[in-house]
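**Student:** If you scroll down you'll find the structure; I have some questions about it.
The values are calculated or read from the model by the stated rules, or taken from the named source; none is laboratory data. A quick note: this is a predicted structure, and the numbers were derived from the prediction, not measured. Every residue, glycine as well, gets a Cβ built from its backbone with ideal geometry; the counts of neighbours run over all protein chains shown. Just the protein is used for accessible areas: all its heavy atoms, side chains included, with ligands, DNA and RNA removed. Shrake-Rupley method; radii C 1.70, N 1.55, O 1.52, S 1.80 Å.
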Amino acid sequence: MNLKTAARRLGVHYQTAYRWVRSGQLVAVKVGAGYEISDAALERFEAQRVALERVPEPSATPTNVQSAPETRKHALEVLDQMVDAVTVNARPIIERGGHFGADVLGDAVIVALRDDDGEIAVAHIAHRDPVSEVALAAVAYEVPFALEIARLVVRTGAPMFVPQVPQRDVRRSLRPELHEFLLGGGCYSLITVPIGTDERIDGALMAVRDGPGRPYEREDIDFVSALGARISLAHARAAHSVTAKDARQRLVDTVRSFLSEYERMETVSRSALDELLESVAGDDPESRVAVLDLDLRHLGCTKAYANQLGQDRTRVVTAALGTLVADALPLSRSFDEVLVGELDFRTVDIQPVAAASPVTLHAAMIRGADATPWCIVVVATPVPQLPPDVVPSRYIRSVPFPAPTSTA
């Protein structure tokens, strides 16, 4: 249909429809001096308009959680809910976890992470007392021994527990102009746990007792370890998601370019799709990618993708995705927005029937030049999980406070 017909069907002025075309909101194909709009493009545009006007459904995750939970169990439950919602940014879990540690356990928490240059640096600080947090902020970024301990824990991957920290060593570790901040508190007891996975340690979480006479106990180590484990999990999920979304975009670009040579999806052979996916995977044996039709049936996939679902590749390429997951109904609902045109990208968590661990599917719709939907491409990634036993305290050895570096 031409632009005037499309405008009438949309119930808007011709110039309004023209602006939508020029801005890219309404997909159109230029024919001579005018534009032609397909039924698929019109349906997609209307679906997106409806989606914008629809009131969002209430979240399944409670939004009225306390910012300062009274118990350790509650703090970990809140963090678990937050971790489940992580996409590409783990910062909220880092900050909330730090404040939960300070509020529930006391007194202060310092989070040190690798910066863009790979160096360990202070990323976040928290204190149960807001005024003391200001003083801690003035000192935390300037305390050599804090980063020394963090680097030691990162190197060894082992937690450190210092029940009693000698104050003379703390004082010697600070420049004289910072000694005044010790009047309001110091570092009297210390628990430090690594942040990261077995593959890579990216930082450390430090719990600091800033007053005498209240050293941390061994049971406190379990809570600090649990906080660190959840920050580690959030960090890993964000890293996986960023990598997967980059891979998905490369896959979208490659498949779209490949399909531009065909008039319709039905003319593409399975062998051609297999060759395409092999070229996408290249030398990466862990490339977990697949192509689905609009009924969510597999048209092709890599071996690594099938393995992630716990299946043989020949089984997957003849099966509908819904038959390979534990609950097909939520999966279908999650893809509805993509199939009706509201969204072109969707991230969905699934539980394969033949695999123990859940999987995240990063999906994208591939459309023709006139917005006609052709197929869906998918990148699969494993969902990082908390270890069954998070650093039990019986395996953590109390150590003396490390000798400070001279700060002459």
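**Student:** Would you confirm whether or not segment 188-202 contains a residue that is of a type in the set (Ser, Thr, Tyr) and at pLDDT below 85? Step through it out loud before you land on a result.
**Tutor:** Initially, segment 188-202 is screened for residues of a type in the set (Ser, Thr, Tyr), giving 188-189, 192, 197.
Pick out the ones that are also at pLDDT below 85 and you get 188, 197.
Yes, that holds for at least one residue.
**Student:** Oh, and also: If I ask for residues that are open to solvent by 30 Å² or more (accessible area, probe 1.4 Å) and either among the hydroxyl-bearing types (Ser, Thr, Tyr) or in a helix (DSSP H, G or I) (or both), which ones from segment 324-343 would you list? First the steps, then the outcome.
**Tutor:** Taking segment 324-343 and keeping what is open to solvent by 30 Å² or more (accessible area, probe 1.4 Å), we get 326-330, 332-333, 336-337, 339-340, 342-343.
Within segment 324-343, ALA328, LEU329, PRO330, SER332, ARG333, ASP336, GLU337, LEU339, VAL340 meet the criteria.
**Student:** For residues in segment 344-372 being over 17 Å from the mean Cα position of the chain (by Cα) and assigned to a strand (DSSP E or B), which is nearest to GLN249 (Cα to Cα)?
**Tutor:** Out of the qualifying residues, it is ALA364.
**Student:** Which of the residues spanning segment 26-55 are farther than 15 Å from VAL340 by Cα, in contact (Cβ under 8 Å) with a residue 12 or more places away in the chain and exposed (fewer than 13 other Cβ atoms within 10 Å of the Cβ)?
**Tutor:** Scanning segment 26-55 gives a single hit, GLY34.
**Student:** Would you check which residues across segment 108-118 are more than 18 Å from the chain's Cα centre (by Cα) and at pLDDT 90 or above and list them?
**Tutor:** Listed by number, the residues that qualify are ALA108, VAL109, ILE110, VAL111, ALA112.
**Student:** Against the conditions (1) farther than 14 Å from LEU292 by Cβ; (2) surrounded by fewer than 16 Cβ atoms within 10 Å (Cβ to Cβ); (3) of a type in the set (Ser, Thr, Tyr), where does THR347 fall short? Just the number, please.
**Tutor:** THR347 satisfies all of (1) farther than 14 Å from LEU292 by Cβ; (2) surrounded by fewer than 16 Cβ atoms within 10 Å (Cβ to Cβ); (3) of a type in the set (Ser, Thr, Tyr) except (2).
**Student:** How many residues does segment 223-249 hold that are open to solvent by 40 Å² or more (accessible area, probe 1.4 Å) and in contact with a Pro (Cβ under 7 Å, 6 or more places away or on another chain)? Outline the logic, then answer.
**Tutor:** Here is the first cut: in segment 223-249, the residues open to solvent by 40 Å² or more (accessible area, probe 1.4 Å) are 235, 239-240, 242-243, 245-246, 249.
Adding the requirement that they be in contact with a Pro (Cβ under 7 Å, 6 or more places away or on another chain) leaves 240.
Summing the residues that are open to solvent by 40 Å² or more (accessible area, probe 1.4 Å) and in contact with a Pro (Cβ under 7 Å, 6 or more places away or on another chain) in segment 223-249 gives 1.
**Student:** A follow-up question, please. Within segment 1-22, can you find the residues that are open to solvent by less than 70 Å² (accessible area, probe 1.4 Å) and in a helix (DSSP H, G or I)?
**Tutor:** LEU3, THR5, ALA6, ALA7, LEU10, THR16, ALA17, TRP20, VAL21
**Student:** Further question: Residues of segment 250-260 being open to solvent by 30 Å² or more (accessible area, probe 1.4 Å) and either more than 30 Å from MET82 (Cα to Cα) or touching a residue at least 60 places away in the same chain (Cβ under 8 Å) (or both), which ones?
**Tutor:** Residues of segment 250-260 that are open to solvent by 30 Å² or more (accessible area, probe 1.4 Å), as a first pass: 250, 253-254, 256-258, 260.
Listed by number, the residues that qualify are ASP253, THR254, ARG256, SER257, PHE258, SER260.
**Student:** For LEU321, are the conditions met, namely being aliphatic (A, V, I, L, M), touching a residue at least 24 places away in the same chain (Cβ under 8 Å) and surrounded by 20 or more Cβ atoms within 10 Å (Cβ to Cβ)? Lay out the reasoning, then the answer.
**Tutor:** Numbers: aliphatic (A, V, I, L, M): yes; touching a residue at least 24 places away in the same chain (Cβ under 8 Å): yes; surrounded by 20 or more Cβ atoms within 10 Å (Cβ to Cβ): yes.
So LEU321 fits the description; yes.
**Student:** Another one. For residues that are in contact (Cβ under 8 Å) with a residue 60 or more places away in the chain and either open to solvent by 60 Å² or more (accessible area, probe 1.4 Å) or more than 24 Å from LEU309 (Cα to Cα) (or both), tally how many sit in segment 265-297.
**Tutor:** 2
**Student:** Additional query: Sort out which residues of segment 270-323 are at positive phi and either touching a Pro at 6+ places or on another chain (Cβ under 7 Å) or part of a helix (DSSP H, G or I) (or both), and write them in order of number.
**Tutor:** GLY310
**Student:** Among the numbered criteria (1) closer than 24 Å to THR156 by Cβ; (2) under 20 Å from the mean Cα position of the chain (by Cα), which single criterion is violated by THR243?
**Tutor:** Evaluating THR243 over (1) closer than 24 Å to THR156 by Cβ; (2) under 20 Å from the mean Cα position of the chain (by Cα) leaves (1) as the failure.
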